[in-house]
Amino acid sequence: MKETPFTKKHLALGAKMHEFAGYNMPIEYSGIIDEHLTVCKGVGVFDVSHMGEFWVKGSNALAFLQRVTSNNVAALVPGKAQYTCFPNENGGIVDDLLVYCFEEGKYLLVVNASNIEKDWNWCVKHNTEGATLENASEHTAQLAVQGPKAAELLQRLTPVLLSEIPYYSFQTGEFAGVKDVILSNTGYTGAGGFELYFYPDAADRIWDAIFEAGVEFGIKPVGLGARDTLRLEMGFCLYGHELDDATSPIEAALFPHSFSAQSSHG
C-alpha cells in the first residue's frame with residue numbers, strides 16, 4: 001500500500017488504519033462519533049493527501065476544461081474554485097472534482113483518490129486542444145482543517161487574512177513559515193474550514209504547527225470514518241456511492257444550466 005506524508009503521524013497516534021484507494025489511511029482515532037462531534041463543535045484535521053492533483057496550463061487550458069467538464073470554467077476568476085465533473089460519452093460521470101483558477105492559462109484540478117489513474121487517462125485521451133497537463137498527485141500533500149474554530153486557529157499561523165477568503169475561494173501564501181501554501185476555503189463537511197495544499201517535504205512542519213496551535217481549541221485528528229459521516233450529514237456526494245459512470249450530472253446537480261424558464265413555457 002502507498003503511504004501519505006503523514007502515515008507515521010497516524011501510526012504514532014494509534015489510528016486504526018485500513019486500505020483506501022491503494023493508500024494506508026486512518027479510519028478513526030478516538031472513535032467516529034467523537035471525531036464527528038469534534039469537527040461540528042470545534043476543529044479537526046483530516047489527512048487527504050491521497051487525493052489527486054492535476055495542473056492544466058497553457059493558452060488552450062480553458063478550451064480544454066470547457067470541453068471536458070460540466071460546469072462553466074470561463075466563469076472563474078483568479079482565486080476562485082468550482083465544483084464540477086468529467087461527463088462521459090453516455091451522459092454519466094467519470095469523476096467529480098474541484099477546479100482552481102490561478103490565472104489565465106493556469107488551473108489545478110483536484111480529483112478523487114480512487115479515480116486518479118482513470119481521470120488522468122481520460123484527460124490525456126481528450127486533450128485534443130494541446131493543453132499542458134501535469135499529474136502532481138505524488139508531489140502534493142493536503143490537509144483539511146474543518147470546524148467552527150478552524151479559521152481562528154489557522155489565522156495564528158499565516159499572515160494571509162483568512163476572513164477575506166470567501167467560500168470556494170483561495171489564496172497562496174506563507175503558512176507556518178512555509179511558502180507557497182494554497183489556503184482554500186473549501187471542505188467535505190458542513191462545519192466550515194480550509195483545505196491546505198503544499199509540498200510533501202513541509203508535511204511534518206505544517207502538521208506540528210497546526211496541532212501545537214490547536215491545543216487550546218481541543219483539536220483532534222479525524223479519520224475517513226467521520227469524514228464520511230460528516231459529508232453525509234451535509235449531503236455531499238461520494239464517487240462510487242451516490243455518483244458513478246451511469247449517474248447524470250443533472251441528477252447530481254453538476255450541470256450549470258437551469259431548465260425552469262424553458263419548462264414553464266411548455
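Worth a mention:
- Here the condition is being over 20 Å from residue 203 (Cα atoms), among the β-branched types (Val, Ile, Thr) and within 14 Å of the chain's Cα centre (by Cα); of 140, 84, 128, 69, it holds for 84 alone.
- Residue check for residue 33: modelled with pLDDT under 95 and of a type in the set (A, V, I, L, M): no
- In segment 101-142, the residue that is surrounded by the fewest Cβ atoms within 10 Å (Cβ to Cβ) out of those that are of a type outside the set (Ser, Thr, Tyr), in contact with a helix residue (DSSP H, G or I) (Cβ under 6 Å, 6 or more places away or on another chain) and under 17 Å from residue 49 (Cβ atoms) is 135.
- The residues of segment 13-68 that are of a type in the set (S, T, N, Q) and closer than 19 Å to residue 113 by Cβ, listed by number, are 24, 49.
- Looking only at segment 144-156, and only at residues there that are surrounded by fewer than 20 Cβ atoms within 10 Å (Cβ to Cβ) and not in a helix (DSSP H, G or I), the one that is farthest from the chain's Cα centre (by Cα): 156
- Of the candidates 56, 68, 48, 77, the single residue that is surrounded by fewer than 17 Cβ atoms within 10 Å (Cβ to Cβ), within 24 Å of residue 136 (Cβ to Cβ) and not basic (Lys, Arg) is 77.
- Checking each residue in segment 175-233 for being surrounded by fewer than 19 Cβ atoms within 10 Å (Cβ to Cβ), at positive phi and in a loop (DSSP other than H, G, I, E, B) picks out 177, 192, 218.
- Where helices (runs of 4 or more DSSP H) fall wholly inside segment 30-143, the ranges with 1 or more residues that are touching a residue at least 60 places away in the same chain (Cβ under 8 Å), farther than 20 Å from residue 232 by Cα and of a type in the set (Asp, Glu) are 116-125.
The values are calculated or read from the model by the stated rules, or taken from the named source; none is laboratory data. Keep in mind the model is a prediction, meaning the values are calculated, not measured. Neighbour counts run over all protein chains shown; Cβ positions are idealised from the backbone, glycine included.
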